[in-house]
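Inspection log for the structure reproduced underneath, given as structure tokens.
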Amino acid sequence: MPRNLIVGDIHSEYWKLISALEKASYDPDSDVLYFLGDFCDRGKDALRTLRFVMNLPNSRAVIGNHDTWLQDWLYTGDISNAWKRNGGKKTVDDIHYRHNLEKEERLKIAGWLHSLPLVIIEERYLITHGGPPYRRTLKDMEDYAKAERPKISSGKAYDKWDESCIWDRDYMLSAYSKSHPEVKDQIFMEAEPLDTGGRMIFVGHTPTLDNKPFISKKYNLAALDTGAGHGGLLTIMDMDTLRYWQA
């Protein structure tokens, strides 16, 4: 029976992705596979991961903050200090030095990243990398999902966009703090549960403390960054049953 599956932050951990897909008995001919972004950085197989994901049938993805850094570098050659500090050097080493990637494929990858939305909203799901920003409504999130991507002019594809739903951690941490009070001091503005119209919110970006996905019925939330980029596990979840597999 066809399933809707979703993958947490990969961070270049190609073999963890392959292993998790095998454990989930993923069928590319029938299953729909969603991704929460952050394909690159920290691990050593950024290019292999990107090539694999880009060629998958029946797949959809939102963009993550690490992906925006990669996209900007592929278009402009500029490497930000923030990106370097957060695993970008490994991606540059892999793409530029290890594989010496030709310009044509660099632009192909950059174009694919540029095509990814900030938010996907479907009948039963709301998918975004970071989480619903503070005091945003479902209508606001729908506007994000429908927004037309700006053309790249100054080298940064998101220079005219509100990136808050890529970066925001407060929604996830507000839910997470109810069972993990040690994260309360990381919350900038405590968030109330969003009225999602019955949809489940799927996010990545903020690693859980125990390498397990976090689910909150009160916040209609499933958080799937289980630390693959920090020596932890990569998670794939069935979006309807919330059953999950890890590698």
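The values are calculated or read from the model by the stated rules, or taken from the named source; none is laboratory data. Not measured: the values here are computed from a predicted model. Cβ sites come from the backbone with ideal geometry, for glycine too, and all protein chains shown count toward neighbours. Note: areas computed on protein heavy atoms with side chains; ligands, DNA, RNA excluded. Shrake-Rupley method; radii C 1.70, N 1.55, O 1.52, S 1.80 Å.
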Tally, over the stretch 1-43, of residues that are open to solvent by 40 Å² or more (accessible area, probe 1.4 Å), among the aliphatic types (A, V, I, L, M) and in contact with a helix residue (DSSP H, G or I) (Cβ under 7 Å, 6 or more places away or on another chain):
0
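Residues are listed down the side, and each one gets a yes or a no for (1) in contact (Cβ under 8 Å) with a residue 12 or more places away in the chain; (2) charged (D, E, K, R); (3) closer than 17 Å to GLY43 by Cβ:
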{"site": "ASP78", "(1), (2), (3)": "yes, yes, no"}
{"site": "TRP83", "(1), (2), (3)": "yes, no, yes"}
{"site": "ALA110", "(1), (2), (3)": "yes, no, no"}
{"site": "PRO117", "(1), (2), (3)": "yes, no, no"}
{"site": "GLU122", "(1), (2), (3)": "yes, yes, no"}
If I ask for residues that are free of Cβ contacts under 8 Å to residues at least 12 places away in the same chain and either closer than 17 Å to THR68 by Cα or exposed (fewer than 13 other Cβ atoms within 10 Å of the Cβ) (or both), which ones from the stretch 92-104 would you list?
TYR97, ASN100, GLU102, LYS103, GLU104
Within the stretch 187-228, the residues that are outside any loop (DSSP other than H, G, I, E, B) and either touching a Gly at 6+ places or on another chain (Cβ under 6 Å) or buried (at least 21 other Cβ atoms within 10 Å of the Cβ) (or both) are ILE201, PHE202, VAL203, PHE214, LEU221, ALA222, ALA223, ALA228
